[in-house]
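The values are calculated or read from the model by the stated rules, or taken from the named source; none is laboratory data. Fair warning: this is a prediction, and the values are worked out from it, not measured in the lab. Neighbour counts are summed over all protein chains in view; Cβ atoms, including those assigned to glycine, are modelled from backbone coordinates with ideal geometry.
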């Protein structure tokens, strides 16, 4: 790949691209998690393994095993995606200080595939040794999808402590807030100088109950923190019927920008799947506008005055997922696509990116997917990435950034061997590829002019954040 000249360095046209986020931090291997607070009978149970779990049970090896069976069908052009919710994972333990963090493992290419075979399978060139890449060691036992604003990365550790760290810094993370026993912080989102986090807990048990757990309902409180003063206040609260441990930690979804936030609320908290109201508020709490979803909201993002949601009518059972868009001027949801796994907006709201999936089997596993992008300034013209369609390759967790050269799109690419690689396409610059990562990526985002991903070691005892200036790609 040609060297990048200094004149090519480009600042995103997203004015707010350094400061916007949703619960799940704009992009992640999963936005549906299972995690545990420090309580013997916690709201959501999780083994104290000390491992990083920021998403669904990593399906990479399972997907790789299914890919070979799907290759013939894929080659024939079968396009029949049917979505189902992923199986989550859980964890809780103690964080490591900077002095205890291990050195990064050397980068290696999987022994079962050569570089040429990987490039052919993924359909993109392999890019090594990107100038200026930074590596930041993270605490152990991250139990929620991270969030990012500018160069600040936010993490939930042990299920009940919210911490922040600076990308590229060797300093220990800062403890921002902790919740008491039997409560858990299950989702976070950041934008500008604001941080939102969701606290969940079981309703008070009856006199004969033991420990924290109950069998009926989960209460929740959505909190907004001013990062300048580190003070928080509640902006919404409610309760919801329990469904299953995999889902009970996520009774609502929410997103935040530097000026406003959005969240969904079930109209009937006693039902597992019912119509929901999505509210958009100014940071001072004023209701700006609201809209209605006819069924369960499983993903939500807000940016540039545009609201994106994914609904699932059969939730919590597997079933069809649908991507919708709404704005204050047109608050009724308009259907965009079916079969998305996750959706994300660029920080200015111009682009939306989602992965269109193909599933197979009686208990459907994703076996192939592409990333689709809509340019709302051009009326929702759709483009698909990667540019070379590779059979049997799964694109997960898309992220999109608006630049002067058009959209910069990134995603996690899962190859036939089950190995995960950060991948990108920048059509306006005629650049695309996938990157080496010494540890397995589990979450990816774009922030400012940087591509950032969090990864864990194969034994789960080391987690790091990588950051690359996209102008160096």
Collect the residues in region 341-383 that are at pLDDT 70 or above and in a loop (DSSP other than H, G, I, E, B), keeping them in residue-number order.
346, 347, 348, 349, 350, 379, 380
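Yes/no matrix, rows are residues, columns are (1) under 23 Å from residue 114 (Cα atoms); (2) touching a helix residue (DSSP H, G or I) at 6+ places or on another chain (Cβ under 9 Å); (3) free of Cβ contacts under 8 Å to residues at least 40 places away in the same chain:
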| residue | (1), (2), (3) |
| --- | --- |
| 393 | yes, yes, no |
| 417 | yes, yes, no |
| 438 | yes, no, no |
| 444 | no, no, no |
The residue from 452, 409 that alone is within 18 Å of residue 346 (Cα to Cα), buried (at least 21 other Cβ atoms within 10 Å of the Cβ), in contact with a strand residue (DSSP E or B) (Cβ under 6 Å, 6 or more places away or on another chain) and free of Cβ contacts under 8 Å to residues at least 60 places away in the same chain is 409
Any residue at all in region 391-400 that is modelled with pLDDT of 80 or more and on the phi > 0 side of the Ramachandran plot?
yes
Looking only at residues that are more than 22 Å from residue 157 (Cα to Cα) and at pLDDT below 95 in region 448-469, which one is farthest from the chain's Cα centre (by Cα)?
449
